[in-house]
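Notes for the one structure printed next.
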Number of protein chains: 2
Amino acid sequence: MPFSKQEETIRLAHGGGGSLTQALVRDVFLAAFGDSELARLNDSALIDVPAGRVAFTTDSFVVQPLFFPGGDIGRLAVCGTVNDLAVTGAVPVAISAGFILEEGLAVGDLKRIVRSMSDAAAEAGVRIVTGDTKVVQKGKGDGVFINTAGIGVFPEGRAPVTGSGARPGDAVIVSGPLGRHGMAVVLAREDLGLSSGILSDAAPLNGMIQAALSAHPGLHAMRDATRGGLGVVLNEIAEQSGVGIELEEDRIPVPEDVRSACEILGFDALYVANEGVVAACVAREHADAWVRALAESRYGKQAAVIGRVTEKSRHRVVLRTRIGSRRIVDVISGEQLPRIC
Amino acid sequence: MPFSKQEETIRLAHGGGGSLTQALVRDVFLAAFGDSELARLNDSALIDVPAGRVAFTTDSFVVQPLFFPGGDIGRLAVCGTVNDLAVTGAVPVAISAGFILEEGLAVGDLKRIVRSMSDAAAEAGVRIVTGDTKVVQKGKGDGVFINTAGIGVFPEGRAPVTGSGARPGDAVIVSGPLGRHGMAVVLAREDLGLSSGILSDAAPLNGMIQAALSAHPGLHAMRDATRGGLGVVLNEIAEQSGVGIELEEDRIPVPEDVRSACEILGFDALYVANEGVVAACVAREHADAWVRALAESRYGKQAAVIGRVTEKSRHRVVLRTRIGSRRIVDVISGEQLPRIC
């Protein structure tokens, strides 16, 4: 009898490694992911890679609520790891999926999440090849936590991109408007009782990045502006590269609804998490070509040069405000938005 | 000021992606793991692999209690993924570590766990190259959950080992005594109020497996006998290989203290989780050499032939008991031991 007819909620025994685990794997995970290697159910998946370097990354996802406007924890879990690979210049080829389920989780919710992962993986062109499921007692988890790890390969002749290659004179580019993911999630929290039309920007950016990288030289550093937002990520680039970064406030794309919501709730959009925005430092002479290349993707329509890399103010990010003053964009402590991804 | 002087427990902000996350990464994770690639703190780690196939696997760990006789969740998290790679014949090269911490966790406990991961990784000869940390509110997690994913490479000329290659006539071998991990964890649960000298067998088995594989042909199938125990794992091999398996009860090594504890608590040692035991199907003519090779490792001293692969009873595991009767070793539902790994 298929799993779906028997079970409406997850039980502890679904994580026990016996026949109930096997049914869950077969009827929920294999049914959605449908990967031939995953279906072998071996202790490890086998994937083919070219000789040389591979990129390897991991991320756990604990976002609440599990479903929010523009996405859910499943889409996030695939896109987050795909993007961590893509910003290094790698082509994501395979990801793993580790689930920690809370007893009592609705199987329908799990199926929706898994379907969303499958859709995001298909869009990114990446296979989900290996996985694992554990179940914890009610009150010892929070619905679903997902870990994804991923492997990416580098096209021949492509050097890995890091956060440490920014050089004075580079243009600083963002690929899209800031703050949508974080504000969509925060506004979806029931206890705030607010609503808006803001959608999370969670998206796989590997197609956009590959197209630009294949067509244009001059990329010196790239990161995706997730937890901690653009503010923290640019500080990390400034630190890793030993440079300063100067931003022009009026060039930074922040949607009007995000701006309003941030004002009401007391957030700074610079520190709000994105799940579909990269920050890049590009040689000045190639910056316009990069912006145009990014804008050819549906996810890069609002790509823009927002500042430049400087020799002075090393390890610091400075914002020139609309009114002409300058303020330091520091690394926040991390209190602003818990469980945003 | 170093993290260790400021903080005694984990706060939500340690997962916020800001300066507190950076301090946690630097003063706890980098301090223990000390890997040069991890220390770059890029979105992905870069590792070198030979051309061809790589093995890729993931496991999440939710064991309770976090510390138990013979190990802890950290040792388990490294050994589990190392062993999943090793049983495919791959040499584990790099693993990731994703932490989901509960607000209020003692930083001292986290340091102890991370040190244990570092020690296990050093013993296995594998690098911890990339990681991630999230924090959830008190009551939404359970101390620490750890996900590890891993990449393994195959020595030149080595074909991957799976669960599907067992052939009629093969000898069935286990590398060590059964049931120690599961019983050590269960007996460590305070609510049972029992104590014993049973230690978990959690161990990295890659050295033992590589040595035997390099020296002896004839390995047809191998799995590690974790969640679900030997009973479930042999059923999986029988299913994947389309064969039957016949076991001799009196040849299966079960330590006397494990046997007693199982009797008191109503468990069947065949289904109790191990974290340092592999089951292998080996061509009969090479079986004795394999047992001797495994026994050269400190983790394989009690390796033994415990049965054989048959053409009849396909997809089934049958046990010939001490008194000469036969019973089917079925796949249990998974109710027996929650959160054992």
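The values are calculated or read from the model by the stated rules, or taken from the named source; none is laboratory data. Note that this is a predicted model, so its numbers are computed, not measured. No Cβ is skipped: glycine too gets one built from the backbone with ideal geometry, and neighbour counts run over all protein chains shown. Accessible surface is based on the protein model in full, side chains and every heavy atom, while ligands, DNA and RNA are left aside. Shrake-Rupley method; radii C 1.70, N 1.55, O 1.52, S 1.80 Å.
Points worth noting:
- In this Cβ point-charge picture (+1 for Lys and Arg, -1 for Asp and Glu), the protein assembly as shown has a dipole of about 420 debye about its Cα centre.
- Between A:Glu335 and B:Arg284, the modelled labels are 7.3 nm apart [label points 7 Å from Cα along Cα→Cβ].
- Principal-axis tilt of helix A:229-241 within chain A, Cα atoms, nearest 10 degrees: 70
- Seen against the Cα atoms of chain B and their longest principal axis, helix B:73-86 is set at about 50 degrees.
- Modelled label positions at B:Lys312 and A:Arg314, each set 7 Å beyond Cα in the direction of Cβ, lie 8.0 nm from each other.
- Under-5 Å amide H pairs with A:Val91, H placed in peptide plane, nonlocal only: A:Val153, A:Phe154
- Gyration tensor verdict on region A:171-328 (Cα atoms; rounded if a/c is under 1.5, prolate if a/b is larger than b/c, oblate otherwise): oblate
- DSSP beta bridges confined to chain A are antiparallel in about 75 percent of cases.
- Ordered from longest to shortest, the equivalent ellipsoid semi-axes for chain A are 37, 24, 15 Å, each the square root of 5 times a Cα gyration tensor eigenvalue.
- Acute angle (nearest 10 degrees) that the helix B:256-265 long axis makes with the longest principal axis of chain B, alpha-carbon atoms: 80
- Dimensions of the protein assembly as shown based on its C-alpha atoms, expressed as ranges along the principal axes with the largest first, amount to 90, 50, 50 Å.
- Most mobile listed residue (A:Ala203, A:Ala159, A:Ala273) in chain A, GNM with C-alpha springs under 10 Å: A:Ala159
- Computing FRET efficiency as 1/(1 + (r/R0)^6) for B:Thr321 and B:Glu123, where r is the C-beta to C-beta distance and R0 is 35 Å, gives about 0.40.
- Each residue of region B:31-177 gets 143 Å³ once the volume of the Cα convex hull is shared out per residue.
- Among the lysines of chain B, pairs at least eight places apart or on separate chains and with Cα atoms under 22 Å apart come to 5.
- Contact surface A-B: accessible area buried, both sides summed, square angstrom, 1.4 angstrom probe: 6100
- Taking the protein heavy atoms of the protein assembly as shown in the context of the full set of protein chains, the accessible area attributed to carbon and sulfur is 47 percent at 1.4 Å.
- Hypothetical label at A:Ser195: residues of region A:48-77 whose amide nitrogen lies under 14 Å (7 Å Cα-Cβ projection): A:69
- Heavy-atom surface of chain A, accessible at 1.4 Å and reported per residue (Å²): 36
- Other residues within the sphere of radius under 14 Å centred on the Cβ of B:Glu239, judged by their own Cβ, net out at +3 (K and R +1, D and E -1).
- For A:Leu66, net neighbour charge (Lys/Arg +1, Asp/Glu -1) across residues whose Cβ lies under 12 Å away: 0
- Take each residue in B:236-244, count the other chain C-beta atoms within 10 Å of its C-beta, and the mean is 1.
- Given charges at Cβ of Lys, Arg, Asp, Glu: chain A dipole, positive-most of A:Ser36, A:Ala289, A:Gly334: A:Ala289
- FRET efficiency for B:Ser260 and A:Ile264, using Cβ-Cβ distance with R0 set to 60 Å, rounded to 0.05: 0.40
- When the other protein chains are added to the chain by itself, burial of at least 40 square angstrom of heavy-atom accessible area (probe 1.4 Å, ligands and nucleic acids ignored) affects these residues of region B:111-146: B:Asp132, B:Lys134, B:Lys140, B:Phe145.
- Dipole magnitude for chain B: computed about the Cα centre from +1 point charges on Lys and Arg Cβ and -1 point charges on Asp and Glu Cβ, it is near 360 debye.
- Of the residues making up region A:148-176, those losing 10 Å² or more of accessible area when the isolated chain is joined by the remaining protein chains, with a 1.4 Å probe, are A:Ala149, A:Ile151, A:Pro160, A:Thr162.
- Dimensions of region B:167-221 from C-alpha coordinates, computed as largest minus smallest value along each principal axis and given longest first, are 47, 26, 14 Å.
- Fluctuation leader among A:Gly74, A:Gly300, A:Gly157 - chain A, Gaussian network, Cα springs under 10 angstrom: A:Gly157
- Shown for A:Ala31: label points 7 Å from Cα along the beta-carbon vector, and their distances to the equivalent points in the other copies, 4.8 nm in ascending order.
- Taking Cβ atoms as reference points and 15 Å as the exclusive limit, the residues near B:Phe56 contribute a net charge of -4, counting Lys and Arg as +1 and Asp and Glu as -1.
- In this structure, the amide hydrogen of B:Gly52, modeled 1.01 Å from its nitrogen in the peptide plane, lies closer than 5 angstrom to those of A:Val49, A:Ala51, counting only residues at least 5 positions away or on a different chain.
- With label points set 7 Å from Cα along Cα→Cβ, the inter-copy distances at A:Gly52 are 1.9 nm, sorted shortest first.
- Using a probe of 1.4 Å, the accessible surface attributed to A:Arg223 totals some 20 Å² when neighbouring protein chains are kept in position.
- Residues along region A:59-82 losing 10 Å² or more of accessible surface when the other protein chains are present rather than the chain by itself (probe 1.4 Å): A:Asp59, A:Ser60, A:Val62
- Shown for A:Pro217: label points 7 Å from Cα along the beta-carbon vector, and their distances to the equivalent points in the other copies, 5.3 nm in ascending order.
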